[in-house]
1. Quick one: if you take sqrt(5λ) for each eigenvalue of the C-alpha gyration tensor of the stretch 197-329, what semi-axes come out, biggest first, whole angstrom?
2. Using Cα-only point scatterers and the Debye equation, what is log10 of I(q)/I(0) for the stretch 124-171 at each q in 0.27 Å⁻¹, rounded to two decimals?
3. So what's the net charge close to LEU58: Lys and Arg +1, Asp and Glu -1, counting the other residues with Cβ under 12 Å from its Cβ?
4. Taking every DSSP beta bridge with both residues inside the chain, roughly what % is antiparallel (nearest 5)?
5. Using the Kirkwood radius over Cα pairs, work out the Stokes-Einstein diffusion coefficient for the stretch 94-183 at 10 °C and 1.306 mPa s, in µm²/s as a whole number.
6. Any chance you could get the radius of gyration and Dmax over the Cα atoms of the stretch 195-261, in Å?
7. Would you please calculate the Kirkwood hydrodynamic radius of the stretch 177-219 over all C-alpha pairs and express it in Å, rounded to one decimal?
8. Calculate how steeply helix 257-270 sits against the longest principal axis of the alpha-carbon atoms of the chain, using the helix alpha-carbon long axis, and give the answer as 0 to 90 degrees to the nearest 10.
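All of the numbers you see were taken from the coordinates with simple rules; none came from a lab. Every value quoted in this text rests on a predicted model; they were computed, and no experiment measured them. Please note: Cβ atoms are built from the backbone with ideal geometry, for glycine as well, and neighbour counts cover all protein chains shown.
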Amino acid sequence: MTDEAAMRLAMAHAQAARAAGEVPVGAVLVRDGQVIATGANAPVALADPTAHAEMVALRAAASAAGNYRLDGCTLYVTLEPCPMCAGALLHARVARVVFAAADPRTGAAGSVVNLFDEPLLNHHTRVEGGLLAGECGAMLQDFFRERRAAQARVAQPLREDALRTPRNAFEVDGAAAWEGAYTHDLPALAGLRLHHVELGDERAATVFICLHGAGDWGVRFAAIAASLAGYGVRVLVPDLIGFGRSDKPKRGDLHRLDWHVQVLRAWCESLGLRRVVLLAEAAEADLCVALWSALGAQAAGIVLLPTVERDEARSHLAALPFPDRGHTAGPRAFADGWKPQAGAVTRTIPVLHLESEGPEALARAVEYFAA
């Protein structure tokens, strides 16, 4: 059995895990060219935090062999092993591990730590990564995208002092499909619901966050976000509280610059972002500067687009989330102007001014900050 054939078998088990509602990870254990065990992620079904695909395969092989040591075996797995699985593979004396997609959050084969390269351990397993990484990574991305969409469809209770734009207000071309995930459980939100759309590679180190202005919401960046995602970066487009699909408090005094920055900072931290580039029109520089300062070491820089006048189509899209005056407390407060916080900036800010928002200009921004 070739490495690719074994990995495709592991992918089939990953798809089986996905069909069962588990994170799609599959594993195959091979010895002397023969499959001796397989595994699919099953921690939810088994109520077992150790039931990762690798662990399932190792248990099956050890049980069949009557020996916990699996010398001479190669394990193929669709996602880089975590520390628990890496430790089990080392204890089992597995000779070789081949994984597909890297895991930048918990990977123990080089992404976060490399337990396989620890010189003090008495066994060393050879590790190779990247086989069919694109296909396995896409499978994981599709799964999490579907799960976020499902979560978004689950209604959260609305505070008495807030409004939520009816869904039918967005049922026009260009807006209906612009729906992503909702966050409501951060203390900074105090029960309000924050909406954002995500595009691109969620494993990418550099994340572009697109910030809209007073008379807009996230859909303003639909084309820009798609272009940026095409260059291999992760793109997040939030609707500020009071805008777009996010909840809309009726109190205008809530919409202070420092409060919105506090919410966005907490949201970024909840996502575990490490290298953030803020992108907005030049007119929203104050918001970018305040958030850049609040993010500290997470912030890599700012990209400012030229401020453009709305045409008729864009004005129509911009008005959708605000069907009446009751929904417009945020835009009214925003339009009054926010002053930057005195003394907030303590570091030199890398700022890139673009002359347009076309693909070539956006490619330059990605090259500048993500190279």
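1. Values: eigenvalues 108, 66, 35 Å².
Working through the eigenvalues yields semi-axes of 23, 18, 13 Å.
2. These q points yield log10 I(q)/I(0) values of -1.03.
3. On the way: positive: ARG59, ARG69, ARG93; negative: GLU54.
That works out to +2.
4. Working: 23 of 49 bridges.
Rounded to the nearest five, the antiparallel share is 45 percent.
5. 92
6. Rg then Dmax for the stretch 195-261, in Å: 13.2, 40.
7. On the way: mean 1/r = 0.0809 Å⁻¹.
It is 12.4 Å.
8. Rounded to the nearest ten degrees, it is 10.
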